[in-house]
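The values are calculated or read from the model by the stated rules, or taken from the named source; none is laboratory data. Nothing here was measured: the structure is a model prediction, and the numbers come from that model. Here the Cβ positions follow ideal geometry from the backbone for every residue, glycine too, while neighbour counts run over all protein chains shown. Heavy atoms of the whole protein, side chains included, go into the accessibility calculation; ligands, DNA and RNA do not. Shrake-Rupley method; radii C 1.70, N 1.55, O 1.52, S 1.80 Å.
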Amino acid sequence: MPRLSRRSVLTLAAAGAGAGLIAPRARAQGETETHGISSFGDLKYPADFRHFDYVNPNAPKGGAFVHTASSWGYNQNPTTFNTMNTLVLRGDAPPALDGIFARLMVGAGDEPDSMYGLAAEKVRISADGLTYRFTLRDIATFHDGAKITAEDVAWSVMTLKEKGHPLLRVVLRDVAGAEAEDARTVAIRFAPGRSRSLPLTTAGLPILSKAWYAGRDFEASTMDVPLGSSAYKVGRFEAGRFIEYERVKDWWGAGLPVSVGQDNFDIVRLEFFRDRDVAFEGFKSRTYAFREEFTSRTWATQYDFPAARDGRVVRREVSDETPSGAQGWFINTRREKFAHPKLREALGLAFDFEWTNKNVMFDSYKRTHSFFQNSPMMATGKPEGEELALLEAFRGKVADEVFGEPYAPPVSNGSGQDRNLLRQATQLLREAGFTLRDNRLLDAQGRPMTVEFLDFEPSLERHTQPFVANLRRLGIEAGIRRVDSAQYQSRLKDYDFDLTIRRYSLSMTPGESMRTFFGSASGRQPGSQNLAGIADPVIDALIDKALAANTRAELVTVCRALDRVLRAGRYWVPNWYKASHWLAYWDQFGFPETKPKYARGVPGTWWFDPARAARIERT
């Protein structure tokens with residue numbers, strides 16, 4: 001079933017015509033044939049590997065895994081759903097729905113970015129790297145028994161490029177075409193100058209049935225369940241309450257090396273709650289059996305109920321070796337009032353992280369500084385060597401501070417209203433053209449400065465309220481606007497907000513997703529992940545250089561330079577992070593001793609343990 005992780009899920013969109021059959025071609029001179037692909041050609045697993053190292057190949061099948069969503073992508077909503085079309089912008093789909101579709105290749109959880117064949121048994125890569133010919137497995141079928149053909153794959157790629165979610169349109173822009181050369185061979189062509197990661201992104205696209213979508217509006221919001229092809233299919237569901245994904249007992253891919261020891265539950269069920277406190281009560285009553293905890297207060301103080309005290313509920317903290325990502329209040333710079341960087345910096349000075357961490361979060365977190373936090377891509381110190389040389393090309397186009405220490409939010413005195421930082425904020429506001437009159441901050445036209453924090457549930461209000469109070473001390477009319485989850489999603493899609501809190505995480509080998517987070521084109525697309533509206537040609541140029549990097553060392557250098565420029569832009573008020581996952585579950589599961597290095601491994605590598613479950617029932 002969908003193997004949820006904290007990594008951001010990309011979506012793809014389509015520019016293009018249908019994909020018809022063309023005459024078969026002989027293997028072109030200089031083609032390289034391989035069982036797997038990665039950004040820099042480094043593969044851990046050989047062609048004859050039997051399973052990934054982090055799975056139990058003898059894991060039993062059966063039972064159910066019932067949980068609430070920890071991650072989601074595309075148009076998915078963790079609190080409700082009203083459509084079964086997750087590959088477009090319209091509507092709110094249930095998390096993990098994209099997991100019912102097979103891919104050409106899937107990633108290994110213990111490598112930064114390697115992918116190995118699922119529906120494709122091998123790939124031939126042209127000498128110039130602009131054409132990838134995937135050979136499909138003859139056993140690969142949709143859930144109705146129809147074979148997955150090269151024409152299905154080609155149609156999927158081009159349809160997603162043209163009509164899919166806006167995030168997909170951004171990342172697939174350099175897909176030049178996709179054609180079925182014969183029933184089992186699909187050629188995907190890329191434009192010259194394509195990014196390093198685009199072939200991996202394309203190999204990981206959902207494979208759709210061209211026949212199923214014939215006569216249907218691909219972009220419609222609909223409760224029709226699409227035809228899938230993965231280890232799971234949609235089972236029972238009730239819109240807004242729950243959805244079950246049922247394991248396909250005779251699934252064609254179960255014996256493949258990339259699948260052995262995984263997809264072990266007969267049912268993976270998602271429960272939906274509109275409120276975190278209500279959701280926690282549901283966990284205590286065993287309405288669902290697994291949750292990842294994101295609230296420090298709950299983790300520190302509320303796991304004292306009987307089942308947790310007697311061991312029926314287990315708590316584990318597991319390491320997170322992926323980049324911790326960027327969480328913060330993103331400032332919508334599309335709005336004129338947030339145009340000045342000094343105004344945005346002043347907003348950040350009003351947030352007292354030290355007080356919040358101690359009094360609200362039980363000192364559980366560290367302050368986020370970087371868009372690449374907890375990774376080698378995070379900028380530190382002054383730029384030197386190749387990084388400095390790279391930045392010199394943009395001198396005069398970026399802030400001078402880019403050539404010094406990277407910007408980091410200041411450390412407060414922990415009082416909750418650090419007078420020194422508030423004085424600094426006041427000075428910045430003056431420099432940005434604001435004046436204070438009768439305790440109200442006014443812009444150059446005499447308009448009061450207002451700031452609204454948009455959210456859909458109350459769990460972070462304890463963090464936001466002290467921030468709001470400090471903004472009011474600066475003369476800013478600040479407040480919190482809470483709306484229902486559907487309206488929240490709609491307002492984000494249309495960028496109808498001042499500030500909102502969000503967490504984004506990049507992979508160990510950041511690729512096309514950087515365009516969706518930071519690229520100018522993405523910021524102009526409705527529903528993008530560029531919430532701040534970043535539109536800077538220097539940032540676009542650095543993203544292009546990062547995507548074209550030929551070595552990991554070159555990638556790290558460019559990303560560090562990019563991090564400096566992003567941090568100099570003051571596009572957000574950074575929050576906090578921790579390099580671990582808090583997991584809580586009813587003690588009815590088994591799992592391998594070693595988790596995948598770059599993922600939680602749950603539910604993908606876990607299994608149901610009837611003996612443990614029976615002990616819970618007897619207690």
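Each semi-axis of the equivalent ellipsoid for the stretch 381-475 is √(5λ) with λ an eigenvalue of the Cα gyration tensor; in descending order they amount to 32, 20, 15 Å. For the stretch 158-173, backbone phi angles converted through the Karplus equation (6.51, -1.76, 1.60; θ = phi - 60°) give residue-by-residue couplings of 6, 5, 5, 5, 9, 10, x, 3, x, 4, 5, 4, 5, 6, 9, 4 Hz, Gly and Pro being listed as x. What does the C-alpha gyration tensor say about the overall shape of the stretch 508-619? Classify as rounded when a/c is under 1.5, otherwise prolate if a/b is larger than b/c, or oblate. In terms of gyration-tensor shape, prolate. For the chain, the mean residue ellipticity at 222 nm estimated from helices alone is -7000 deg cm²/dmol, where every DSSP H run of n ≥ 4 contributes -39500 (n - 2.57) and the total is divided by all residues, rounded to the nearest 500. When a 1.4 Å probe is rolled over the protein heavy atoms, the share of accessible surface on the chain that falls to carbon and sulfur comes to 48 percent. Near residue 580, the amide H atoms lying under 5 Å from its own belong to 320; only residues 5 or more places off or on other chains count, and H is placed 1.01 Å from N. Inter-part distance, the stretch 176-232 to the stretch 65-141, computed on C-alpha centroids, equals 10 Å. The lysines within cross-link reach of residue 249, meaning a Cα-to-Cα straight distance under 28 Å and a gap of 8 or more places when in the same chain, are 61, 122, 147, 210, 233, 595.
For the stretch 561-619 versus the stretch 246-286, the inter-centroid distance based on Cα atoms is 14 Å.
Calculated on the Cα set of the stretch 51-181, radius of gyration then Dmax: 16.9, 48 Å. For the pair residue 411 and residue 524, a Förster radius of 35 Å applied to the C-beta separation gives a FRET efficiency near 0.45, rounded to the nearest 0.05. Pairwise alpha-carbon distances in the stretch 324-441 exceed 17 Å for 68% of all pairs.
Relative to the 2.2 N^0.38 Å rule of thumb, the chain has a C-alpha radius of gyration ratio of 0.98.
Solvent exposure of the chain amounts to 39 Å² per residue of accessible area, where only protein heavy atoms count and the probe is 1.4 Å.
Would you please give the FRET efficiency between residue 318 and residue 44, computed as 1/(1 + (r/R0)^6) with r the Cβ-Cβ distance and R0 = 22 Å, to the nearest 0.05? FRET efficiency, residue 318 to residue 44: 0.55.
A full extension of the chain between residue 220 and residue 392 corresponds to an added length of 57.1 nm, given 0.36 nm per residue minus the alpha carbon distance.
Ignoring lysines fewer than eight residues from residue 337 along the same chain, the ones with Cα atoms less than 28 angstrom from its Cα are 397, 493. Volume per residue for the stretch 129-200 equals 94 cubic angstrom (convex hull of Cα atoms).
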